[in-house]
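**Student:** A single structure is presented below for examination.
The values are calculated or read from the model by the stated rules, or taken from the named source; none is laboratory data. Not measured: the values here are computed from a predicted model. Virtual Cβ from ideal backbone geometry, glycine too; neighbours counted across all protein chains shown. In case anyone asks, the SASA skips ligands and DNA or RNA and just uses the protein heavy atoms, side chains included. Shrake-Rupley method; radii C 1.70, N 1.55, O 1.52, S 1.80 Å.
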Amino acid sequence: MVNFESLFREVHSVLQMKTKDFENQGVRNITEETVWQYLLEKKWKDHDKEDLRMYKIVSDIFSLSKDQIVVYQQQGKVIDDAPIIELNADEIAALLEE
């Protein structure tokens, strides 16, 4: 099994270079962790993570665009800011009847 925490530490300097690149493009609120989470959740979502090779990981980090990461971050913010609505059993039943 792939240890992603260990792998993160191995490519941390590459992630730092990419976040520095984003800063140079005017995007200052992207962290190494955000880039890593994007790769895990979006880029490698449908791939067999056991088959990831270092050259592929580094290539994916460097090929990540500013637009991809900004949209990902905005989607996460929308989800984080979404209100939690609690419904009781009668309200759920009424919604299902409609």
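**Student:** Could you please find all residues in segment 1-48 being part of a loop (DSSP other than H, G, I, E, B), open to solvent by less than 40 Å² (accessible area, probe 1.4 Å) and closer than 15 Å to residue 67 by Cβ?
**Tutor:** 27, 30
**Student:** Restricting attention to segment 51-98, and to residues there that are more than 18 Å from the chain's Cα centre (by Cα) and within 24 Å of residue 18 (Cβ to Cβ), which single residue is modelled with the lowest pLDDT?
**Tutor:** Of everything passing the filter in segment 51-98, 51 is modelled with the lowest pLDDT.
**Student:** OK, next. Give me the pairs: first residue in segment 1-28 and of a type in the set (Val, Ile, Thr), second residue open to solvent by less than 60 Å² (accessible area, probe 1.4 Å), beta-carbon distance under 6 Å, and six or more apart or on different chains, which are they?
**Tutor:** The qualifying pairs are 2/49; 11/57; 14/58; 14/61; 19/30; 19/32.
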